[in-house]
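The values are calculated or read from the model by the stated rules, or taken from the named source; none is laboratory data. What you see is a predicted model, and the numbers here were worked out from it, not measured in a lab. Here Cβ is always computed from backbone atoms with ideal geometry, including for glycine, and neighbour counts include all displayed protein chains. Surface areas here come from the heavy atoms of the whole protein model, side chains and all, with no ligands, DNA or RNA. Shrake-Rupley method; radii C 1.70, N 1.55, O 1.52, S 1.80 Å.
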Amino acid sequence: METESLWVEERLRMVKEQIEQRGIRDQRVLQAMREVPRHLFVPEEEQPYAYEDCPLPIGFGQTISQPYMVAIMTALLELKGDEKVLEVGTGSGYQAAILSRIVREVHTIERHPVLAQRAEERLRTLGYSNVKVYTGDGSLGLPDKAPFQGIVVTAAAPKVPAPLLQQLALNAYLVIPVGGPAGQELMRLQKTSQGVEQEELFPVAFVPLRGKEGWKDSQWFPR
Ligand code: SAM
């Protein structure tokens, strides 16, 4: 069989066994995960593992999240198709590519300049033209582009950054891991006319969110 069809087969298996069987029913999310070539978002030496049920290293101590985590965080945003969304923590660009298949516009921000540049090139080459990549401190969001009809943060914050809540549109969701090296919870917040509703969902393990509203080195690795 051609290499390309082997990748497709692996991808379909990934969606069936790791995503659908764990209860994700959002057809837009499932279809995006069937389409986006995850093996092109990881370093060459990691490609054989691209469709495995785990995060993978992407350099500079950072990771591309486990496929199921990408799927559930996307599904939790409850997207319909016409949204402008923000991702904090571009990493490889994979989560941004998934979002781009579902919504109108994706803005994604990465603090590491080399990762941001690589993700930008990759997304452009692969034709994900509704994604805009920024280099900078995403813990402050992107006030110039707000409001967003969905915000997803793919690194763990010490607490929910106030600027991100401010930049969330009414009725939209913010999905974010909150906690430190000893333990984190995935949280979902919704801005409503009555205030902010908050759900604590389940334990997760993410790399730290740095920056003004993130963790300082000395806090993440306490002596
Ligand atoms: N979503 C990514 C993907 O699909 O490959 C995986 C992201 S990785 C788990 C978390 C990323 O958040 C890292 O690339 C890290 O450099 C980035 N990050 C950490 N703090 C940040 C900040 N304040 N602003 C923007 N990016 C940040």
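Meeting the requirement of 1 or more residues that are more than 11 Å from the ligand (Cβ to nearest atom), the strands (runs of 3 or more DSSP E) wholly within segment 39-142 are 84-88, 105-110, 131-135.
Of these, V160, V152, which one is touching a strand residue (DSSP E or B) at 6+ places or on another chain (Cβ under 9 Å) and open to solvent by 10 Å² or more (accessible area, probe 1.4 Å)?
Answer to the check: V160.
Inclusion of V36 among residues that are surrounded by fewer than 17 Cβ atoms within 10 Å (Cβ to Cβ), within 11 Å of the ligand (Cβ to nearest atom), touching a residue at least 40 places away in the same chain (Cβ under 8 Å) and β-branched (V, I, T) is not warranted. Tell me, which residue of segment 1-11 that is more than 19 Å from the chain's Cα centre (by Cα), modelled with pLDDT of 95 or more and open to solvent by less than 80 Å² (accessible area, probe 1.4 Å) is nearest to E52 (Cα to Cα)? Going through the qualifying residues, I end up with E10.
Taking segment 199-220 as the range and being more than 21 Å from G138 (Cα to Cα) and open to solvent by 80 Å² or more (accessible area, probe 1.4 Å) as the test, the residues that pass are E200, P203. With respect to the stated conditions, E110 fails to be open to solvent by less than 50 Å² (accessible area, probe 1.4 Å), more than 15 Å from the chain's Cα centre (by Cα) and closer than 28 Å to E200 by Cβ. Taking segment 1-34 as the range and being more than 21 Å from L99 (Cβ to Cβ) and among the charged types (D, E, K, R) as the test, the residues that pass are E2, E4, E9, E10, R13, K16, E17. Applying the criterion of being more than 19 Å from Q184 (Cα to Cα) and more than 14 Å from the chain's Cα centre (by Cα) to the residues of segment 59-77, the residue that is least open to solvent (accessible area, probe 1.4 Å) is G59.
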